[in-house]
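For reference, the structure discussed in these notes is given below.
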Amino acid sequence: MSTDRRIVLSSDHAAIALRQAIATHIAAQGWEVVDLGPTTPESTHYPKHGEAAARAVAAGDCALGIVLCGTGQGIMMAANKVRGIRCGVCSDAFSARMIRQHNDANMLSLGARVVGEGLALEIVDAFLNARFEGGRHATRVDMIAAMEA
Ligand code: RB5
């Protein structure tokens, strides 16, 4: 399968059940899911899980990534430290659609202590079904990339 339909998932201990629900949901849509875990509930550190998923996307091994922690905030911050990553934390479907249409986000972050499973799956669907609009938005995304150069 091409990497176009390959997506990496990663979380800390606070979001294991939601991550697994998302994996099942998107696999049923035909996505090839690379699930980096963890699978056991011991407390762990969100930066390393955010970095691992972000590196898979930045390297081109996966087209997109979804990361999760308690709030979605810490793991989003870690993912965004990897060059080429544009990760937004979303608690609503509108924002999830817009971060792809306007910001060309290649990663989505979710807070398992913020959103329930039903809303999280709606947010994931909005993110995956949206497309970057380019044009004036590309100019602005290029400005972000220039900051990394
Ligand atoms: C873990 O307790 C919690 O701090 C983490 O999941 C996340 O919410 C950090 O941003």
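The values are calculated or read from the model by the stated rules, or taken from the named source; none is laboratory data. All figures in this text were calculated on a predicted structure; none of them were measured in a lab. Backbone-built Cβ (ideal geometry, glycine too); neighbour counts: all protein chains shown. Quick note on the areas: whole protein, heavy atoms, side chains included, nothing else; ligands and nucleic acids left out. Shrake-Rupley method; radii C 1.70, N 1.55, O 1.52, S 1.80 Å.
Taken over segment 99-114, residues that are more than 17 Å from Thr24 (Cβ to Cβ) and part of a loop (DSSP other than H, G, I, E, B) amount to 7.
Taking only segment 6-31 into account, find how many residues are more than 13 Å from Leu68 (Cα to Cα) and crowded, with 16+ Cβ neighbours inside 10 Å. Before you say what the answer is, go through the steps one by one.
At the first step, the residues of segment 6-31 found to be more than 13 Å from Leu68 (Cα to Cα) are 6-7, 24-31.
From what's left, crowded, with 16+ Cβ neighbours inside 10 Å: 6-7, 25-26, 31.
Residues meeting the conditions: 5.
From the list Ala52, Ala56, exactly one residue is outside any loop (DSSP other than H, G, I, E, B), touching a residue at least 12 places away in the same chain (Cβ under 8 Å) and within 16 Å of the ligand (Cβ to nearest atom). Which is it? Spell out how you get there, then give the answer.
Details: Ala56 fails: within 16 Å of the ligand (Cβ to nearest atom).
Going through Ala52, Ala56 in turn, just one is outside any loop (DSSP other than H, G, I, E, B), touching a residue at least 12 places away in the same chain (Cβ under 8 Å) and within 16 Å of the ligand (Cβ to nearest atom): Ala52.
Confirm whether Glu122 is at pLDDT 95 or above, of a type in the set (D, E, K, R), open to solvent by 20 Å² or more (accessible area, probe 1.4 Å) and within 16 Å of the ligand (Cβ to nearest atom). Steps first, please.
On the way: at pLDDT 95 or above: yes; of a type in the set (D, E, K, R): yes; open to solvent by 20 Å² or more (accessible area, probe 1.4 Å): yes; within 16 Å of the ligand (Cβ to nearest atom): no.
Criteria not met by Glu122.
A single entry from Glu42, Glu32 fulfils the requirement of being within 16 Å of the ligand (Cβ to nearest atom) and acidic (Asp, Glu): Glu42. Among residues of segment 61-84 that are within 14 Å of the ligand (Cβ to nearest atom), those with a Cβ under 6 angstrom from a residue that is in a strand (DSSP E or B) and among the polar types (S, T, N, Q), sequence gap 6+ or separate chain, pair up as Val67/Ser10; Val67/Ser109; Leu68/Ser11; Gly72/Ser109; Ile75/Ser109; Met76/Ser109. Among residues of segment 128-149 that are under 13 Å from Ile85 (Cα atoms), none has a beta-carbon under 6 Å from a residue that is outside any loop (DSSP other than H, G, I, E, B) and open to solvent by less than 100 Å² (accessible area, probe 1.4 Å) at least six positions away or on a different chain.
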